[in-house]
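Okay, so here's the structure we're looking at.
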Amino acid sequence: MTVTKALKSRISTRAFLDTPVSKDEIAEILDAAKFAASGGNLQPWKVIAVAGDARQRVIDAVSEKLSKDPFGNEAEFPVYPEKLWEPYRSRRYEVGEDMYALMGVPREDKGARLNWLMQNYQFFGAPVGLFFAIDERMNKNQWAHLGMFMMCVALAAEEKGLATCMQEAWTPHAKTVGDALKLEGPYIVYCGMALGHADKTAKVNQLRTKRAPLDEFAAFDGF
Ligand SMILES: Cc1cc2nc3c(=O)[nH]c(=O)nc-3n(C[C@H](O)[C@H](O)[C@H](O)COP(=O)(O)O)c2cc1C
């Protein structure tokens, strides 16, 4: 698989089969992703992979937190700016609407939409969850490099025929997740990722998101 092919075929998968993924496969993916570049070669990432009981422990901890304090926000930062502006606002709206339209969930059906959102906290059925953490003393710069590492993980998984969904849905529960992971040291959980075999029959996995054309985000000068 070429890098371009992997870039174009990777999607956020939101329904997985329960087919297990071995520790060796995950280790190979992470061992490839470690070649991600990072400023000063700091490699400011830490990743915790969970399956089986450990996966369930995270699910249970967050489910308990949600039942007691559904709006309790443990994130170190607001996941989005308080009020999004154009064109970002429309893009965010559109991806949600496109996804719910595919699944036939109308706008008024807030219950169905919430239930769907809650699927995040089951890793969308994926047998493996990855959590990406960073030393809390790092700056914005290193957070960007953690993101680059995450994308490398997603692409390496793609090459192996595995599917992923990055999940900032866990971010507001970062402390609860960190405790369930028994994460020690000055680390904070930034984001999760569901990983497994895609359920290719699931409607939600038919979603193909749009992208702004090149001339909207790229400038060329002096060519
Ligand atoms: C850092 C990050 C966090 C994300 N968190 C979630 C999430 O919590 N739940 C979810 O369903 N999708 C999540 N997404 C998926 C985005 O909605 C998706 O990447 C975007 O709509 C583009 O679609 P694509 O990934 O299928 O190309 C996340 C993506 C990124 C990069």
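Basic side chains Lys and Arg get +1 at the Cβ, acidic Asp and Glu get -1 at the Cβ, and with that the dipole of segment 83-223 about its Cα centre reaches some 280 debye. For the chain, the solvent-accessible area of protein heavy atoms averages 60 Å² per residue (probe radius 1.4 Å; ligands and nucleic acids excluded). A protection proxy built from the mean count of other Cβ atoms within 10 Å ranks the segments 29-36, 158-165, most packed first, as 158-165, 29-36.
When the Cα positions of Pro44, Met118, Thr176 are compared along the charge dipole of the chain, Met118 comes out farthest toward the positive end, with charges on each C-beta of Lys, Arg, Asp and Glu. Springs join every pair of Cα atoms under 10 Å in this Gaussian network model of the chain, and among Ser22, Ser67, Ser12 the largest mean-square fluctuation is at Ser67. Placing +1 on the Cβ of every Lys and Arg and -1 on the Cβ of every Asp and Glu, with nothing else charged, gives segment 2-112 a dipole about its Cα centre of roughly 300 debye. Think of the chain as having a plus end and a minus end, set by charges on the Cβ of Lys, Arg, Asp and Glu; of Asn73, Thr4, Ala61, Thr4 sits farthest toward the positive end of this dipole.
Of the GluC sites (Glu not before Pro) found in segment 74-112, the ones in coil according to DSSP and having at most 12 other Cβ atoms within 10 Å of their Cβ are Glu82, Glu108. Can you pull the percent of segment 77-205's accessible area that's carbon plus sulfur, 1.4 Å probe, other chains left in place? The value for segment 77-205 is 55 percent carbon and sulfur by accessible area. Which FRET efficiency value, to the nearest 0.05, do you get for Asp31 and Asp98 by plugging their Cβ-Cβ distance into 1/(1 + (r/R0)^6) with R0 = 35 Å? Efficiency, from the Cβ-Cβ distance: 0.50. Taking square-rooted eigenvalues a ≥ b ≥ c of the alpha carbon gyration tensor, is segment 86-198 rounded, prolate or oblate, where a/c under 1.5 means rounded and, failing that, a/b exceeding b/c means prolate? The shape class here is prolate.
The values are calculated or read from the model by the stated rules, or taken from the named source; none is laboratory data. Computed from a predicted model, the values in this text were never measured in an experiment. Using ideal geometry, Cβ is built from the backbone for each residue, glycine included, and neighbour counts are taken over all protein chains shown. Protein only, heavy atoms only, side chains kept; ligands, DNA and RNA dropped before computing areas. Shrake-Rupley method; radii C 1.70, N 1.55, O 1.52, S 1.80 Å.
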